[in-house]
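Heads up: the structure comes next, in structure tokens.
The values are calculated or read from the model by the stated rules, or taken from the named source; none is laboratory data. The structure displayed is predicted, hence computed values, not measured ones. Cβ: placed from backbone, ideal geometry, glycine included. Neighbour counts: every protein chain shown.
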Amino acid sequence: MMDVKKAITSHPNDNEFNNMDSSSTGKRWRNLLAFWMLGLCNNYGYVVVLTAAHDILVSKFGSNDHDKTNSSITNTTIDSRGCNAVSTGAILLADIVPCLLVKLMVPFLPFFVHIRMATCVLCSIAGFLAVSLGESQWITVFGVILTSISSGLGEVSIVSYSHKFGKESIASWSSGTGGAGIIGAFSYTGLTMIMSSENALLAMLIVPVIQAIAFWLLMVHPEERPIVKYGIDSQEEIVKMPKKSIPEKFQLLPKLLVYLIPLTLVYFFEYFINMGLYELIQFDGIWLSHSEQYRWLQVDYQIGVFISRSSATFITFKKVWLMAILQGLNVILFSTEAIFFFIPNIWIIFVVTFWEGLLGGGAYVNTFYSMVQTIPAEDLKDSLGIVTMADSLGITLAGWTAMEAHSAICKLPRPIR
């Protein structure tokens, strides 16, 4: 009697991607560039439209006296701390909740990547148009929601799809998403110096077009990876990787908690800092105003994120739980500073903020990089999609907590630095 041989499957850690493209280095670099551009475009619209939506809401629906409007915004305070009446955590919630809902549902739905990406591009285009051309507040808000949906759907889909390309694709995607924060902020600021916010957003319609070009023209899509199976008659049979049912996908959750929990904590801690504490830290009598200090802290943070999200090719770090602990220590430092104003120089804050960004970006890329190396091939696609919910879940929890912390700290007397 002949022995029945088990199915032979390949794993992304077997350098399949490199072997598949060994005859053409050009294909490899095309795919790496495509993943970088997809990461950039996916997060670019999310960051820029949300920032621009606030400007457009003020210009279209605020007071006709622009200076008066700005004055009313900056002077709506609770006490001498200079707190805004509403925490930026409230804005964060409006930004992230649609993205979170998408990430909670989509990983458990059928994976039609081309339909998903077409939806992303269309939602991104509609979002830019609604925010820039909308004549009512609800249309503008709907544009923000569409952009958030596009970003969430794009991340779930592309991160899952990267299982066909090997771990290098995760590094390239992560670097692109890190670059989106810096490039998005500077491009929007630069364009609004020479044109209105509405026209700047219309000019940015090129971004979803680039996203489409990167996915359908630049990327070299591999064929479905087969499983070679030897039957009892020793004849080879080629079958496709089996698709998981919804219950089978839910069964993956317990073993993914080791990735989900640390990454969620890292994002909870860092966005609690960014949206709950940055605005409460201020240094008087320096070259930067309070609002300028807040903006430059955000830029400093984004630079750290970009560097660490681009680092996986050179250095990897599997102990993401340690990054969560370190980020928790940052929360303690920033919280005590917001309450007591004990740090003597803003440059110390800039250094710690940069470190905070390094931890956040590093946790993101190393989580998915580790998954590509350790999770079995038949579970990888769905596992990657499920774990993408971690950052949005942490950010959403941070938004709620930041509003409460903002209210509590603003009731305290302002200390003398």
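Filtering I139, I158 for residues that are more than 14 Å from L40 (Cβ to Cβ) and either in contact (Cβ under 8 Å) with a residue 60 or more places away in the chain or touching a helix residue (DSSP H, G or I) at 6+ places or on another chain (Cβ under 6 Å) (or both) leaves a single hit, I139.
Here are S172, S132: which of them is more than 17 Å from G45 (Cα to Cα), part of a helix (DSSP H, G or I) and touching a Gly at 6+ places or on another chain (Cβ under 9 Å)? Before you say what the answer is, go through the steps one by one.
Details: S132 fails: more than 17 Å from G45 (Cα to Cα).
Residue meeting the stated conditions: S172.
The numbered conditions (1) at pLDDT 90 or above; (2) more than 20 Å from S174 (Cβ to Cβ); (3) of a type in the set (G, A, S); (4) in contact with a Leu (Cβ under 6 Å, 6 or more places away or on another chain) are all true for A118 except (4).
A single member of A324, A312 is of a type in the set (G, A, S), part of a helix (DSSP H, G or I) and either in contact with a Gly (Cβ under 6 Å, 6 or more places away or on another chain) or crowded, with 19+ Cβ neighbours inside 10 Å (or both), and it is A324. Checked against the criterion of being part of a helix (DSSP H, G or I) and either surrounded by 21 or more Cβ atoms within 10 Å (Cβ to Cβ) or not hydrophobic (A, V, I, L, M, F, W, C) (or both), the candidates K255, K243 yield just one match: K255. The set of residues in region 331-348 being surrounded by fewer than 21 Cβ atoms within 10 Å (Cβ to Cβ) and not in a loop (DSSP other than H, G, I, E, B) consists of V331, I332, L333, S335, T336, E337, I339, F340, I346, W347, I348. Every condition in (1) assigned to a helix (DSSP H, G or I); (2) more than 25 Å from I183 (Cβ to Cβ) is met by G285 except one, and the failing one is (1). Exactly one residue among S151, S132 is more than 18 Å from the chain's Cα centre (by Cα) and not β-branched (V, I, T), and that residue is S132.
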